[in-house]
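The values are calculated or read from the model by the stated rules, or taken from the named source; none is laboratory data. The shown structure was predicted, so the numbers you read here are calculated from the model rather than taken from an experiment. Counting neighbours? That spans all protein chains shown, and the Cβs are built from the backbone with ideal geometry, glycine included.
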Amino acid sequence: MEPILRVENLTHTYSAGTPFERSAVQEMELTVMPGEFLGIIGHTGSGKSTLIQHLNGLLKPTEGTVYLDGQDIWADAKNIRQVRFQVGLVFQYPEYQLFEDTVYKDIAFGPKNMGLDKDEIDRRVRQAAAFVGLREELLEKSPFELSGGQKRRVAIAGVIAMEPKVLILDEPTAGLDPRGRENILRQIRQYHKEKGNTVILVSHSMEEIAQNVDRIVVLKGARNYMEGTPRQVFSRAEELEAIGLDVPQVTRIAMALRRRGVDIDTAVYTVEELKEALLRLKGGGADA
């Protein structure tokens, strides 16, 4: 199977030729497979936002190439608008970009720009609203009458309504309370499950990444530092902590038990896995 997105030798330099020159991503390599749920994590300044803005052509590489379905997205600059319809990006705090006088119009903005007919726009608006858990009666309300979590859902629905092949979400739960965070993540999981499209989740929270994605890419110092399944990445929990990244609480508990002499797998990252590991230890002790 061919990657849906491929990044080769990507470098992006800001303020080139000035005393403020810096590379936000450097010699980056990345592949994203069709239908994958990918997590990208790293400190502020690690290159996360710069990387994802290259994936839909908001930024043009200083060096290197971004391929969508095997085609260089910058081979013909006139096609970059179509790339942005296929690779949808939800920015951090997207509710600040709402501007229409009804929720319906805000969600319809992207499909309308795609030149779709009225019936198709209506279908997409209502389906996208349902995906993010917005009730029908909210569609005719002003988005500015809604709660913070509801506004966030309107903004996400506006990108989903374009039916992109790849949905990228940059810190989609930032600033929300625990209930709001879980609601958003549950809806993203449901969208991924039902549509089977590629989803890229960018977060600073290892807990969010661990509980949702199939594969993790860890960025450090503008480069791809580590990648693998959640189990592969969290098996290197001490390395993650050494570079200042958090690990899931469950992994921390397993590491603490290991330091106390308990023979436990520290690559666990969900409560269920920790429970099973502890039960195996108990069973092993009983047999001995």
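Does Glu120 satisfy the criteria of being under 19 Å from the mean Cα position of the chain (by Cα), free of Cβ contacts under 8 Å to residues at least 40 places away in the same chain, closer than 25 Å to Asp69 by Cβ and surrounded by fewer than 21 Cβ atoms within 10 Å (Cβ to Cβ)?
It is false that Glu120 is under 19 Å from the mean Cα position of the chain (by Cα), free of Cβ contacts under 8 Å to residues at least 40 places away in the same chain, closer than 25 Å to Asp69 by Cβ and surrounded by fewer than 21 Cβ atoms within 10 Å (Cβ to Cβ).
Quick check: anything in the range 65-85 hydrophobic (A, V, I, L, M, F, W, C), in the same structural domain as Ile168 (by TED's automatic domain parsing) and within 19 Å of Ala128 (Cα to Cα)?
Here is the first cut: in the range 65-85, the residues hydrophobic (A, V, I, L, M, F, W, C) are 66, 68, 73-75, 77, 80, 83, 85.
Remaining after also requiring in the same structural domain as Ile168 (by TED's automatic domain parsing): 66, 68, 73-75, 77, 80, 83, 85.
Restricting the remaining residues to those that are within 19 Å of Ala128 (Cα to Cα) gives 85.
The answer is yes; a qualifying residue exists.
In the range 71-113, what residues are modelled with pLDDT of 95 or more, closer than 16 Å to Val166 by Cβ and part of a loop (DSSP other than H, G, I, E, B)?
Ile73
Mind listing just one residue for me: the one in the range 104-117 that is within 18 Å of Phe144 (Cα to Cα) and within 24 Å of the chain's Cα centre (by Cα) and, of those, surrounded by the fewest Cβ atoms within 10 Å (Cβ to Cβ)?
Phe109
Pick from the range 4-15 the residues that are in contact with a Pro (Cβ under 8 Å, 6 or more places away or on another chain) and not β-branched (Val, Ile, Thr): which of them is nearest to Trp74 (Cα to Cα)?
Leu10
All but one of (1) in a loop (DSSP other than H, G, I, E, B); (2) assigned by TED's automatic domain parsing to the domain that holds Ala155 hold for Arg179; state the number of the condition that does not hold.
Exception for Arg179: condition (1).
Does Arg153 qualify as being surrounded by fewer than 22 Cβ atoms within 10 Å (Cβ to Cβ), assigned by TED's automatic domain parsing to the domain that holds Arg124 and in a helix (DSSP H, G or I)?
No: the conditions fail for Arg153.
Thr50 passes all but one of (1) modelled with pLDDT of 90 or more; (2) hydroxyl-bearing (Ser, Thr, Tyr); (3) outside any strand (DSSP E or B); (4) surrounded by fewer than 19 Cβ atoms within 10 Å (Cβ to Cβ); which number fails?
With (1) modelled with pLDDT of 90 or more; (2) hydroxyl-bearing (Ser, Thr, Tyr); (3) outside any strand (DSSP E or B); (4) surrounded by fewer than 19 Cβ atoms within 10 Å (Cβ to Cβ) applied to Thr50, the lone miss is (4).
Checking the condition aliphatic (A, V, I, L, M) and closer than 24 Å to Lys105 by Cα, which residue from Val218, Val213, Val199, Val159 passes? Steps first, answer last, please.
Details: Val218 fails: closer than 24 Å to Lys105 by Cα; Val213 fails: closer than 24 Å to Lys105 by Cα; Val199 fails: closer than 24 Å to Lys105 by Cα.
Answer to the selection: Val159.
Can you confirm whether Ile209 is more than 17 Å from the chain's Cα centre (by Cα), assigned to a helix (DSSP H, G or I) and among the aliphatic types (A, V, I, L, M)?
Against the criterion (more than 17 Å from the chain's Cα centre (by Cα), assigned to a helix (DSSP H, G or I) and among the aliphatic types (A, V, I, L, M)), Ile209 does not qualify.
Which of the residues belonging to the range 197-234 are free of Cβ contacts under 8 Å to residues at least 24 places away in the same chain and buried (at least 24 other Cβ atoms within 10 Å of the Cβ)?
Within the range 197-234, Val233 is the sole residue that qualifies.
Cβ-Cβ distance below 8 Å, separation of 6 or more or different chains: which pairs start in the range 64-84 with a residue that is loosely packed, with under 13 Cβ neighbours inside 10 Å and end on one that is in a loop (DSSP other than H, G, I, E, B) and not aromatic (Phe, Trp, Tyr)?
Gly70/Glu2
Hey, any hits in the range 149-168 for a residue that's out of contact with any Phe, Trp or Tyr (no Cβ under 8 Å at 6 or more places or on another chain) and without any contact (Cβ under 8 Å) to a residue 24 or more places away in the chain?
Checking the range 149-168: at least one residue is out of contact with any Phe, Trp or Tyr (no Cβ under 8 Å at 6 or more places or on another chain) and without any contact (Cβ under 8 Å) to a residue 24 or more places away in the chain.
Give the residue, chosen from Ile216, Ile264, Ile253, that is in a strand (DSSP E or B), aliphatic (A, V, I, L, M) and either over 30 Å from Thr13 (Cβ atoms) or out of contact with any Lys or Arg (no Cβ under 9 Å at 6 or more places or on another chain) (or both). Spell out how you get there, then give the answer.
Values: Ile264 fails: in a strand (DSSP E or B); Ile253 fails: in a strand (DSSP E or B).
Ile216 is the lone residue from the list that is in a strand (DSSP E or B), aliphatic (A, V, I, L, M) and either over 30 Å from Thr13 (Cβ atoms) or out of contact with any Lys or Arg (no Cβ under 9 Å at 6 or more places or on another chain) (or both).
Of the numbered conditions (1) buried (at least 21 other Cβ atoms within 10 Å of the Cβ); (2) at pLDDT 90 or above, Thr11 satisfies every one except a single condition; which is it?
(1)
Would you mind finding the one in Glu36, Glu95, Glu29 that is buried (at least 16 other Cβ atoms within 10 Å of the Cβ), over 30 Å from Glu137 (Cα atoms) and either within 20 Å of the chain's Cα centre (by Cα) or outside the structural domain of Gly115 (by TED's automatic domain parsing) (or both)?
Within the list Glu36, Glu95, Glu29, the selection yields Glu36.
Please determine, by comparing only the residues of the range 127-142 that are touching a residue at least 12 places away in the same chain (Cβ under 8 Å) and surrounded by fewer than 22 Cβ atoms within 10 Å (Cβ to Cβ), which one is nearest to Gln97 (Cα to Cα). Please lay out each step first, then the result.
Taking the range 127-142 and keeping what is touching a residue at least 12 places away in the same chain (Cβ under 8 Å), we get 127-129, 131-134, 138-142.
Still in the list and also surrounded by fewer than 22 Cβ atoms within 10 Å (Cβ to Cβ): 127, 131, 133, 138-142.
Details: Gln127: 21, Phe131: 20, Gly133: 20, Leu138: 18, Leu139: 17, Glu140: 18, Lys141: 17, Ser142: 14 Å.
It comes out as Ser142.
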